[in-house]
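Down below is the structure, laid out as structure tokens.
The values are calculated or read from the model by the stated rules, or taken from the named source; none is laboratory data. Since we're looking at a predicted model, the values are computed, not measured. In this analysis, Cβ positions are derived from the backbone assuming ideal geometry, glycine residues included, and neighbour counts consider all displayed protein chains. Each accessible area value is taken on the protein alone, full model and side chains, heavy atoms only, with ligands, DNA and RNA left out. Shrake-Rupley method; radii C 1.70, N 1.55, O 1.52, S 1.80 Å.
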Amino acid sequence: LDLNQRMADRFGFAREEAIGKRVEDMTRRLTSAVFEKRREKRRQVFAHGQPVQFTENIGEAWVEYYYHPVLDGEGKVRALAAFSHAGTESRKAEAAVRESRELLASAIDNIADGFALFDAEDRLVMCNRQLRLQYPNSFDLFVPGTHISDILRRGAERGESPDADGRAAEWVGA
């Protein structure tokens, strides 16, 4: 075993003490369930020669682990390189973004008028329930990613736009 100073600090060892030890010697303080989970992940890397990634929740901290095979000249797994990354801050940021999106979606859905948001490429990002109710024959067209011209043309073909009356393609400008 060899590890950098940060990992040695995490294990509570001086780096010099860790060199040459087995992973099991360094992780004895882990619960047996955590220890067995990590051991199984290491075995997968040795058995299949493929990298393994997993995340653990340790108290209030999230840690992402990456186990990568180190191959010899014949392509056989000779060792395992393990990397970890404290992902707590990114998890908190992801949760904050998710909460903000849900709040925005809820607010938009409760607007009394129809509302649609399109991106720079004219694809639907989101719309509210009221807009869908205003166009009952086109309800199924309001799917994120759908181009505005497809929504307008197909809606016109279904009779949603009296101005288009039989000339949907011309009306949309396609």
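A few comments on the model shown:
- Within region 21-36, the set of residues being modelled with pLDDT of 75 or more and either surrounded by 14 or more Cβ atoms within 10 Å (Cβ to Cβ) or over 28 Å from the mean Cα position of the chain (by Cα) (or both) comprises just one member, PHE35.
- In region 100-130, the residues that are closer than 27 Å to GLU157 by Cβ, open to solvent by 80 Å² or more (accessible area, probe 1.4 Å) and not charged (D, E, K, R): ALA120
- For the condition among the hydrophobic types (A, V, I, L, M, F, W, C), open to solvent by 80 Å² or more (accessible area, probe 1.4 Å), modelled with pLDDT of 90 or more and under 30 Å from GLY155 (Cβ atoms), LEU133 qualifies.
- Search result, residues across region 145-172 that are surrounded by fewer than 12 Cβ atoms within 10 Å (Cβ to Cβ) and touching a Lys or Arg at 6+ places or on another chain (Cβ under 8 Å): GLY145
- Region 113-141 residues that are under 18 Å from ARG101 (Cβ atoms) and assigned to a loop (DSSP other than H, G, I, E, B), paired with ones that are charged (D, E, K, R) and open to solvent by less than 60 Å² (accessible area, probe 1.4 Å) (beta carbon under 6 Å, 6 or more apart): ASN128/ASP109
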